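Shown next, in structure tokens, is the structure this report addresses.
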Amino acid sequence: MTILVTGGAGFIGANFVLDWLADNDEAVVNLDKLTYAGNLQTLCSLQGDQRHIFVHGDIGDSELVAHLLQEHQPRAIVNFAAESHVDRSIHGPEDFIETNIVGTFRLLEAVRAYWGGLDEQARQAFRFLHVSTDEVYGSLAAGEPAFTETHQYQPNSPYSASKAASDHLVRSYHHTYGLPVLTTNCSNNYGPYHFPEKLIPLMIVNALAGKPLPVYGDGQQIRDWLYVKDHCSAIRRVLEAGKTGEVYNVGGWNEKPNLEIVNRVCALLDELRPRADGKPYAEQITYVTDRPGHDRRYAIDARKLERELGWKPAETFETGIRKTVAWYLDNQEWVQNVQSGSYRDWVEKNYAGRSA
Ligand code: NAD
Ligand code: DAU
């Protein structure tokens, strides 16, 4: 038996592949375009492992995907492949349209053709799990109840709009063609192998390098944080027992303002790797111009997943963030290797115009 994972060299996809193969003999075909966010170094522990078949390619390459499906006959697909960074979608939306919308569409078309050719038993057992985000639901006001699966879609950034479009396509392939799909909408992840363009790893990396810690606007925007391995366990649970055509929200009930997150990261670094001058890392916090169209608050109601499939996160924010900071301290080489020329260009572009 085999599954096909797309985007499995990125942050969540790679954690998923590593966790899957840590306690499972079922092979993984890993299709990844290796954009700036894809990193094979994350998967180096799988070198020589016959259960991991890495394929460098694009989900939008219909011929390649059709060939892979025929060759490996996967019983399931988990679609992580996407452009994932909101700030990049503001500077240049096109890649988001290309991968998240057109790419997902082409992938669905190839999967539909493959699935249609399976025998009845295999068709019944087949699953296409689409990994999506809470950002498709838009922004919550203070005191509003958390997003449930039936919350209206109100995407506000080119990123979230492109993910919303992909969710709708996935839904339509179930409704129209009967493709056995599952969709998960998760809140903000954090943990090992997180690319340092995103809030938590950027703060750790900048703090250690003695650089400013850029907080957008007033820093009171709220995100709902989930340790990445808990997201991976939720996806596995949905893949195993989710009802086709259903949507499952995934979250850790960990709503926190950004400033609190940054201060917590600083305090952990003060404890685990104090600054040479003995001063607190929080001194490096700098308020910069806000993100255009910045969503104020996300919060996920994950009760459906808990009630119907018995899933619960294993980590609290406190245990997860401590593990995360420790991981970055222990894996400086990984960080240095992802800080390539294109990463430096991005930092220059995103933060240069943001006045403090
Ligand atoms: P990421 O940017 O770290 O990784 C994306 C991966 O997809 C990279 O390895 C990249 O090379 C690959 N990729 C990009 N375009 C591709 C294409 N056309 N064909 C094949 N591969 C391609 O993203 P992530 O944070 O790991 O997110 C994975 C998925 O989870 C995304 O769909 C994202 O929308 C969703 N999600 C992320 C979060 C989060 O907090 N990071 C939360 C909820 C949902
Ligand atoms: O909610 C799920 C989403 O979480 C995923 O779908 C996205 O793929 C993922 O990137 C993430 O989106 P966010 O925009 O919430 O994540 P980011 O880490 O970019 O920012 C988190 C918050 O921190 C957000 O309010 C913006 C703020 N921020 C971010 C950066 C990079 C700062 O204040 N300073 C920064 O330098």
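A compact table of results
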item: Dipole of segment 220-356 [Lys/Arg +1, Asp/Glu -1 at C-beta], most positive-end residue of ASN263, ASN350, TYR328; result: ASN350
item: Karplus (6.51, -1.76, 1.60) ³J(HN,Hα), θ = phi - 60°, over segment 310-318, in Hz, Gly and Pro reported as x; result: x, 8, 9, x, 8, 9, 8, 4, 4
item: Stretchable slack from ARG307 to LYS243, in nm (0.36 nm times residue separation minus alpha-carbon distance); result: 21.7 nm
item: Other-chain or far-sequence residues with amide H under 5 Å of PHE147's (modelled H); result: ALA299, ILE300, ASP301
item: Inter-label distance for ALA142 and ALA113, nm, one decimal - labels placed 7 Å from Cα along Cα-to-Cβ; result: 5.4
item: Cα centroid separation - segment 99-157 against segment 253-269, whole Å; result: 30
item: Estimated 222 nm signal from helices in the chain, with DSSP H stretches of n ≥ 4 weighted -39500 (n - 2.57), rounded to 500; result: -12500 deg cm²/dmol
item: ³J(HN,Hα), Karplus 6.51/-1.76/1.60, whole Hz, each residue of segment 235-241, x for Gly, Pro; result: 4, 5, 5, 5, 4, 6, 10
item: Residue among ALA209, ALA161, ALA110 with the largest mean-square fluctuation in a Gaussian network model of the chain, springs linking Cα atoms under 10 Å; result: ALA209
item: Cα shape, segment 114-266, gyration tensor, a/c 1.5 rule; result: prolate
item: Tensor-based shape of segment 277-329 (alpha-carbon gyration tensor, a/c under 1.5 rounded, otherwise prolate or oblate); result: oblate
item: FRET efficiency, GLN41 to LEU329 (Cβ-Cβ, R0 25 Å, nearest 0.05); result: 0.90
item: Packing rank of 94-105, 54-65, where each peptide gets the mean count of other beta carbons within 10 Å, highest leading; result: 94-105, 54-65
item: Ranked order, LEU305, LEU272 - accessible area, probe 1.4 Å, largest first; result: LEU272, LEU305
item: Amide H within-cut-off set for ASN188, under 5 Å, with H built and near neighbours excluded; result: ASP224, LEU226
item: Cβ-defined net charge surrounding ASN30, 12 Å radius [Lys, Arg +1; Asp, Glu -1]; result: 0
item: Förster-model FRET efficiency, 35 Å R0, HIS294 and ALA209, C-beta, rounded to 0.05; result: 0.90
item: Vicinal HN-Hα couplings computed from phi for segment 106-116 (Karplus, 6.51 cos²θ - 1.76 cosθ + 1.60; Hz; Gly/Pro x); result: 5, 4, 4, 4, 5, 5, 4, 5, 5, 4, x
item: Amide H contacts of ILE285 (H built 1.01 Å from N, under 5 Å, at least 5 apart or other chain); result: LEU213
item: Cα→Cβ-extended label distance, 7 Å offset, between THR176 and GLU260, nm; result: 4.4
item: Solvent-accessible area per residue for the chain (1.4 angstrom probe, square angstrom); result: 42
item: Of all DSSP beta bridges in segment 163-269, antiparallel share, percent nearest 5; result: 30
item: Gyration tensor (alpha-carbon) shape descriptor, the chain, a/c threshold 1.5; result: prolate
item: Segment GLU271-LEU64, length gained on full extension (0.36 nm per residue, minus Cα span); result: 69.6 nm
item: Label-point gap, in nm, between ARG354 and THR286 - each point 7 angstrom along Cα→Cβ; result: 1.0
item: Surface accessible to a 1.4 Å probe, ASP25 within the full protein complex, Å²; result: 130
item: Additional length obtainable on full extension of the chain from GLN121 to HIS168, 0.36 nm per residue less Cα span; result: 14.2 nm
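The values are calculated or read from the model by the stated rules, or taken from the named source; none is laboratory data. Bear in mind that the values here come from a model prediction, so they are computed numbers and not experimental data. Because the Cβ atoms are built from the backbone with ideal geometry, glycine has one as well, and the counts that use them run over all protein chains shown. The protein model used for the area step is the full one, side chains on, heavy atoms only, and it has no ligands, DNA or RNA in it. Shrake-Rupley method; radii C 1.70, N 1.55, O 1.52, S 1.80 Å.
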